[in-house]
Amino acid sequence: MIGDQLRRHPTLGGALDRSKALRFSFDGQRYSGFQGDTLASALLANGVTLLGRSFKYHRPRGVMSIGSEESNALAELRTGARREPNTRMTQIELFQGLEAQSQNRWPSLNLDLLSINGLVAPFLAAGFYYKTFMRPRGFWEKYEYFIRRAAGLGRASGEADPDRYERIHRHCDILVTGAGAAGLAAAKSAMQAGARVAILDEREAPGGWLRFDRNLIEGAPATVWLDETVAALRAADNVTFLTRTTAFGYYDHNLITAVERVQDHRAVPDPHKPRQRIWTFRAKQVILATGAVEQPLAFADNDRPGVMLAGALRGYLNAYGVMAGHKAVIFSNNDHAYRTALDLIDAGGAIEAVVDVRPSPAGDLVRAVRDRGVRVYTDSIVSHAKGGHALQACDVTPRGGGRPETIECDALGMSGGWNPAVHLHSQTGAKLDWRDDPGCFVPATAKWPCVSVGAANGDFQLADCLANGSEAGAQAAKASMGGTTATAVPGVRAFREERPHPIWEVPLGPDRRGKRFVDFQNDVTVEDVELAHREGFVSVEHLKRYTTMGMATDQGKTSNIAGLAIMARLRDKPIPEVGTTTFRPPFTPVSIGAIAGQERGQHFQPLRRTSMDDWHAENGAVFQNVGLWRRPHYYPHAQEDVDDASRREVTATRGAVGVCDVTTLGKIDVQGPDAAEFLNRIYANGFAKLPVGKARYGLMLREDGMVFDDGVTSRLGETRYLMTTTTGNAGPVMAKLEFYLQTVWPELRVRITSVTEQWAGFSVAGPKAREVLQDVIDIDISDGAFPFMAAAECRFAGAPARLFRISFSGERAYEVNVAADHGAEAWALTVAKAQALGGSVYGLESLGTMRIEKGHVAGTEINGQTTADDLGLGGMLSSKKEFIGKAMTGRPAYLAPDRQKLVGLRPVDGATWIKAGAQLIEDGAAAPPVQMLGHVTAVAFSPELNTPIALALLSGGMARAGAALEAAYPLTGESVRVRVVSPHFLDPEGTRMHG
Amino acid sequence: MFIIKCPYCGERDVTEFSYGGDATRAYPQDPAQATPEDWHAYVYERDNPRGWHVEWWQHSQGCRQWLKLRRNTLTHELGRTALPHEPLSPDDDEGSDA
């Protein structure tokens, strides 16, 4: 029976293009199918029913459904870098040369040695992880490896994704999710009213169950209405019509995200198209027409390949021409499933029996089935499905008890009725209501402007779908744009259906054997739910987590109702009182590639480069990322490592001159008559009397009194200042300044503008710094004319520039700002002059070394937990004025003598490096726990002192000067004896920088 | 994903804005006269309401204006926005215009 599409009906199958045959392979075996097939339909057509192994017990599994709710038929699709695990075969469109592999079996699908798990099943019941693998303690990590291997799903490719993905944002008046009867009717009436409409459907073709069921609309096959409606919508220029597009997330203010599988139906994407595309819709009105999901029934061994949802059985027949069985049994709690019996009989198949749990069903469809001579077992259940890798028979037992009758069959269509696909509605946090007839959860009041229609709202009759959809479309158009048009609703013959009987689980048969699966993907059975209840799990949320019911990639689309019904029976409460679990995005799994879109690799985040970046790259700089910026870390010569290079750069700078790119410092232009007053309130030290042409180091506190940021601010004119900030805080400082100006002191006449990118900056430091600059700067920079802390606007080789006599390195130093366009040129000129004088460029490593030698604080000391006093800057706080944070600086805890304060450290042996981040403790030999007195914040090797040095925050600070401590780094077991010294290692009087 | 109505730029996506904390606390009018209790209340005391709240937001990717936004922390409904000098309280019942 395998191969040659022997199960294919000669004429049926509206989805197929029989003129286009396709070849594909599954587990290495070659098959053929047609254009329009899914992988599931093509395999069924070839008589392949064993498609996978289950998650926990490795039981043989076949196809259960015909849509995105599939929990059994999962495959690894494609090979190599494009291999994708856990794809639902029911959603994979067949393409020429498709290759798929079954999952979770070893060594093969037919012979899976891990199915032994089924024999030890009693030990694998709900909560077995928690019970079994907790002893002995600490062994979990050893168990975990084996558990993950056995309970795996598919394998990821492990290679970089070769395909492109993209994102689109779209606004619309009305978004319709689902292009079945209700959605199409809604979109059509909204379109006719002139609204901007977007309509999405997850399948490759619109129509929903219009394609899977046989229906008449206006006396003609429903596909006629379907084709006309789709054509009209596609032709309208106010409609965006997307197929292969799943709305997977519904967020606040009517934001809906959807993934369009643009090229997944091809072996390799068109090089000019993305593989998938994420759509972000912002809609004035949302219409959810997501349909409903047929629910399975939990009877013994209801997972045998050949058992599927009754709707799927007829859907495969009508849309794909697949006779999944020649001798079929239908097991149902409702009238709707009788359609499957009718369709199979009319297609030439045989129905061995219809088994109905209800005592005396008599609806229109039931009578039609009886009229065709089919035996209907009423008040009965299927108590056991029989067979191994394929269904062979089933036992039918009267509900009141009695001897089972065994009926041979090769297909079994089960139906526990339909439950609305309320996932998107539920994702917004909106509630669900229980509706007794037909026994399902329907959306309660929507949270945002949104309405659910058709089967998604529990209205399962086609006539209702068309009428309610049409009305919803018109209403949404009216709400979003005013005006309205009446739309004619096509006529449909309604069938009289009787109420389903609300049971989803049935007892075991007299043989007491078999497993009754509730959640097929996670292998959760009726017994697991009962066990959870016995062990005291009352809340459905706890039940879900303990049994893992509904937690697989199918999110319990076919298991929630049965699980809740069992819980309700056990607790003796009605289902709505037991409650439902919360659905969260995504509705179906979304690939990481699609979510990342084009923001991968170098496009993951923007890269900020300074004007001199090309020079750095051409001259072999090793870069380091600082926020979004990249900055030279060091400039190695030949085989130098970072320590060698930095030692050379520092020595050249302190011995002659060094040049360093400092463009990334934040620069804020502050202007206005009240600029001085503003800065005086912002900074903790005085700024009111800063003269024109002078720079001053400023310290900013947060409102809680901790240090926020530091930098140099210069007065360029009577009402004009240039503030600089640290690289990392440029944005936050700007936002804070704007906050105070706009909300606290709106009366101040001050305007501020970020000019960080307008000026390239570099510092020229060292005894020969003035020599480098004096010929290229158009002002007198002799010490008399331009002393320490002078600032001026000037020209640098003719380009607009600013010059500041400030020093971070402790040397005589100038900071040059040049209009950004001239930055590269000015830098190259300066570097050439410096090198001619025996100088060097230097990077962040050397910058750090020199600031540590001087005891200047940076980000590792300004860590949000240090006060000015902690950093040795307490003397800067002005007592003569109010400033941000002042009120808090006197709080007792800020003045405690044991606060951690800035100190310097040197290794006692004068040679061993101290580790940054090391903890300072009294005695390295003491057994933990020991009191931690502080930690090392920054380390360097000082070429001039010829010893490693470090800065640290230490309890008591300089009160411990001279003490020996242990700098311990337990992560690596390193420890070094250190002595507490002044943080000002070099030139504490500052004679060098004053010149 | 909110849409926030900037007083200058109109309705814009929340990704253009930065959150700035509780806007029901005011910086002491006269810092020199404020008591330690005043400062403690301003710097540290924050309600964590379940329901309507007024927050600072800055249109940082737009006009850079700081604004007050009335937001329901439970339902994510948004109410009015206001400029810093305009009064806006969590109990504001002038209705939503966002």
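The values are calculated or read from the model by the stated rules, or taken from the named source; none is laboratory data. This is a predicted model, so every value here is computed, not measured. Cβ atoms come from the backbone with ideal geometry, glycine included; neighbour counts cover every protein chain shown. Surface accessibility is based on the protein's heavy atoms, side chains included, excluding ligands, DNA and RNA. Shrake-Rupley method; radii C 1.70, N 1.55, O 1.52, S 1.80 Å.
Just wondering, is there one or more residues in region B:89-96 that are open to solvent by less than 80 Å² (accessible area, probe 1.4 Å) and facing another protein chain (nearest Cβ under 9 Å)? Within region B:89-96, not a single residue is open to solvent by less than 80 Å² (accessible area, probe 1.4 Å) and facing another protein chain (nearest Cβ under 9 Å). Being open to solvent by 10 Å² or more (accessible area, probe 1.4 Å), within 17 Å of A:Pro500 (Cβ to Cβ) and assigned to a helix (DSSP H, G or I) is the requirement here; does A:Arg370 meet it? Against the criterion (open to solvent by 10 Å² or more (accessible area, probe 1.4 Å), within 17 Å of A:Pro500 (Cβ to Cβ) and assigned to a helix (DSSP H, G or I)), A:Arg370 does not qualify.
Condition check ((1) crowded, with 20+ Cβ neighbours inside 10 Å; (2) part of a helix (DSSP H, G or I)) across all residues:
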position: A:Ala186; (1), (2): yes, yes
position: A:Ser189; (1), (2): yes, yes
position: A:Gly194; (1), (2): no, no
position: A:Ala198; (1), (2): yes, no
position: A:Glu204; (1), (2): no, no
position: A:Phe212; (1), (2): yes, no
position: A:Leu226; (1), (2): yes, yes
position: A:Ala231; (1), (2): no, yes
position: A:Phe241; (1), (2): yes, no
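Only one of the listed residues (A:Arg681, A:Arg702, A:Arg647) is in contact with a helix residue (DSSP H, G or I) (Cβ under 9 Å, 6 or more places away or on another chain), touching a residue at least 40 places away in the same chain (Cβ under 8 Å) and outside the structural domain of A:Pro732 (by TED's automatic domain parsing). That residue is A:Arg647. Are any residues in region B:1-37 closer than 30 Å to A:Arg681 by Cα, surrounded by 13 or more Cβ atoms within 10 Å (Cβ to Cβ) and at the interface with chain A (Cβ under 10 Å from one of its Cβ atoms), and if so, which ones? Of everything in region B:1-37, those that are closer than 30 Å to A:Arg681 by Cα, surrounded by 13 or more Cβ atoms within 10 Å (Cβ to Cβ) and at the interface with chain A (Cβ under 10 Å from one of its Cβ atoms) turn out to be B:Ser18, B:Gly20, B:Ala23, B:Tyr27, B:Pro28, B:Pro31, B:Ala34. Filtering region A:18-31 to residues that are of a type outside the set (A, V, I, L, M, F, W, C) and over 38 Å from the mean Cα position of the chain (by Cα) leaves A:Arg18, A:Ser19, A:Lys20. Taking first residues from region A:155-173 that are within 25 Å of A:Leu77 (Cβ to Cβ) and partners that are of a type in the set (Val, Ile, Thr) and not in a loop (DSSP other than H, G, I, E, B), the Cβ contacts under 6 Å between residues at least 6 apart in sequence or on separate chains come to A:Arg167/A:Ile278. For the condition small (Gly, Ala, Ser) and in a strand (DSSP E or B), A:Gly731 does not qualify. Just one of the numbered conditions (1) more than 16 Å from A:Met850 (Cβ to Cβ); (2) surrounded by 14 or more Cβ atoms within 10 Å (Cβ to Cβ) is not true of A:Gly910: (2).
The single condition among (1) in a strand (DSSP E or B); (2) more than 19 Å from the chain's Cα centre (by Cα); (3) hydroxyl-bearing (Ser, Thr, Tyr) that A:Thr280 does not meet is (2). Restricting region B:42-53 to residues that are more than 8 Å from chain A (Cβ to nearest Cβ) and within 19 Å of B:Lys68 (Cβ to Cβ), the residue that is most open to solvent (accessible area, probe 1.4 Å) is B:Asn48. Filtering A:Asp227, A:Asp301 for residues that are at pLDDT 95 or above and on the phi > 0 side of the Ramachandran plot leaves a single hit, A:Asp301. Scanning region A:712-752 for residues that are touching a strand residue (DSSP E or B) at 6+ places or on another chain (Cβ under 9 Å), at the interface with chain B (Cβ under 10 Å from one of its Cβ atoms) and open to solvent by 40 Å² or more (accessible area, probe 1.4 Å), we see that the one that is farthest from A:Asp821 (Cα to Cα) is A:Gln742. Of the set (1) at pLDDT below 95; (2) open to solvent by 20 Å² or more (accessible area, probe 1.4 Å); (3) under 30 Å from A:Ile92 (Cβ atoms); (4) among the hydrophobic types (A, V, I, L, M, F, W, C), all apply to A:Phe587 but (1).
For B:Ser60, the requirement of being facing chain A (nearest Cβ under 10 Å) and of a type outside the set (Lys, Arg) is met.
Would you mind stating whether A:Ile351 is of a type outside the set (S, T, N, Q) and assigned to a strand (DSSP E or B)? The answer is yes for A:Ile351. Of the residues making up region A:567-574, at least one is within 28 Å of A:Arg358 (Cβ to Cβ) and buried (at least 23 other Cβ atoms within 10 Å of the Cβ). Annotation note: Cβ proximity below 8 Å between a residue of region A:38-66 that is under 17 Å from A:Pro85 (Cα atoms) and open to solvent by 10 Å² or more (accessible area, probe 1.4 Å) and a residue that is among the basic types (Lys, Arg) and not in a loop (DSSP other than H, G, I, E, B) (sequence gap 6+ or interchain) occurs for A:Arg53/A:Arg61. Taking the conditions exactly as written (touching a strand residue (DSSP E or B) at 6+ places or on another chain (Cβ under 6 Å) and open to solvent by 10 Å² or more (accessible area, probe 1.4 Å)), does A:Ala456 satisfy them or not? In short, no. The criterion of at least 3 residues that are free of Cβ contacts under 8 Å to residues at least 40 places away in the same chain is met by the following strands (runs of 3 or more DSSP E) wholly inside region A:908-995: A:934-942. Being open to solvent by less than 30 Å² (accessible area, probe 1.4 Å) and outside any strand (DSSP E or B) is the filter here; which residues of region A:687-703 pass it? A:Phe687, A:Leu690, A:Gly693, listed by residue number. It is to be established whether one or more residues within region A:614-626 are more than 22 Å from A:Ser809 (Cα to Cα), touching a helix residue (DSSP H, G or I) at 6+ places or on another chain (Cβ under 8 Å) and in contact (Cβ under 8 Å) with a residue 12 or more places away in the chain. So far as region A:614-626 goes, yes, one or more of its residues are more than 22 Å from A:Ser809 (Cα to Cα), touching a helix residue (DSSP H, G or I) at 6+ places or on another chain (Cβ under 8 Å) and in contact (Cβ under 8 Å) with a residue 12 or more places away in the chain.
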